[in-house]
Every structure is written in C-alpha cells, then in structure tokens.
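Student: This is the structure I want to talk about, given as structure tokens.
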Amino acid sequence: MMDDSVLLRTILFNGDIAGNIVCFEQLGEREVGYWLGKEYWGKGIASQALIQFLDFIETRPLYAHVAKHNIASRRVLEKCGFKVVAQDNFFSKIFGEEIEEYILILNPSETVNP
C-alpha cells in the first residue's frame with residue numbers, strides 16, 4: 001500500500017465491507033486482483049466491482065491470475081472481457097502445495113460483457 005503504483009479499493013455492499021480490489025505491477029505487467037468475503041459470493045458483487053474498477057485503470061493489456069479450481073472467479077474475469085491466454089503453476093504458502101492457475105489478459109480491444 002506504500003507503493004504509489006498500487007490502486008486499492010474497498011468493495012462495499014449495502015454499506016458493509018464485502019472485500020477489496022487491487023491493481024498492481026508484477027514482473028513488468030499490470031495485474032488486477034480481488035477478494036470477496038464468502039457471504040457475498042454469488043450475488044454479482046465481484047463482477048460489478050470489477051466493471052467499475054476497470055474504468056479507473058487505463059493500462060492495457062491488463063493481466064489476472066486465477067486458480068483453476070476457482071471457476072466463479074474465472075467467470076467474473078471473463079464477463080469483464082478477460083481471455084485465458086496461458087496456464088501455469090505456483091506454490092501457495094497458504095495451502096502448502098502447487099496450485100494450477102489460468103493467466104488471463106484484457107486487451108485494449110476487449111469490451112465488458114456484464
């Protein structure tokens with residue numbers, strides 16, 4: 001949060017904090033990520049938050065990484081115009097194991113499909 005290139009916003013739902021959304025640079029690429037409390041899943045909140053957040057982010061291409069098992073999060077990204085371009089693995093310190101992931105990209109010509 002001390003990095004001026006990081007854009008971090010709180011996601012609100014009915015006045016309550018539902019999660020957060022962030023844009024940051026990693027390995028020379030701008031990336032977007034978000035987290036939503038479980039009680040807010042399945043209500044379209046993440047999709048709406050990402051649609052609104054993308055209005056503030058002019059950088060394209062924009063990248064996102066999502067665990068293969070996280071189908072709902074992948075769908076959120078795809079609704080917002082992101083396309084799967086690659087697959088990778090990373091070691092999760094939280095789970096203590098390798099996680100398979102998709103890498104998605106939002107190109108300048110892509111449009112949001114809410």
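Student: Given the residues Y34, Y40, which is the only one that is among the hydroxyl-bearing types (S, T, Y), within 16 Å of Y102 (Cα to Cα) and touching a Gly at 6+ places or on another chain (Cβ under 9 Å)?
Tutor: Y34
Student: If we keep just the residues of the stretch 1-29 that are open to solvent by less than 60 Å² (accessible area, probe 1.4 Å) and of a type in the set (A, V, I, L, M, F, W, C), which is nearest to W41 (Cα to Cα)?
Tutor: If we take residues in the stretch 1-29 being open to solvent by less than 60 Å² (accessible area, probe 1.4 Å) and of a type in the set (A, V, I, L, M, F, W, C), then A18 is nearest to W41 (Cα to Cα).
Student: Residue by residue through the stretch 7-29, note down the ones that are of a type in the set (S, T, N, Q) and part of a strand (DSSP E or B).
Tutor: Across the stretch 7-29, the qualifying residues are T10, N20, Q26.
Student: Any idea how many residues of the stretch 56-114 are open to solvent by 70 Å² or more (accessible area, probe 1.4 Å), in a loop (DSSP other than H, G, I, E, B) and in contact with a helix residue (DSSP H, G or I) (Cβ under 9 Å, 6 or more places away or on another chain)?
Tutor: 2
Student: I'd like to know if the stretch 30-51 contains one or more residues that are touching a residue at least 24 places away in the same chain (Cβ under 8 Å), open to solvent by 40 Å² or more (accessible area, probe 1.4 Å), among the basic types (K, R) and in a helix (DSSP H, G or I).
Tutor: no
The values are calculated or read from the model by the stated rules, or taken from the named source; none is laboratory data. None of the values given here were measured: they were computed from a predicted structure. A quick note on method: Cβ atoms are made from the backbone with ideal geometry, for glycine too, and the neighbour counts reach across all protein chains shown. Accessible surface is based on the protein model in full, side chains and every heavy atom, while ligands, DNA and RNA are left aside. Shrake-Rupley method; radii C 1.70, N 1.55, O 1.52, S 1.80 Å.
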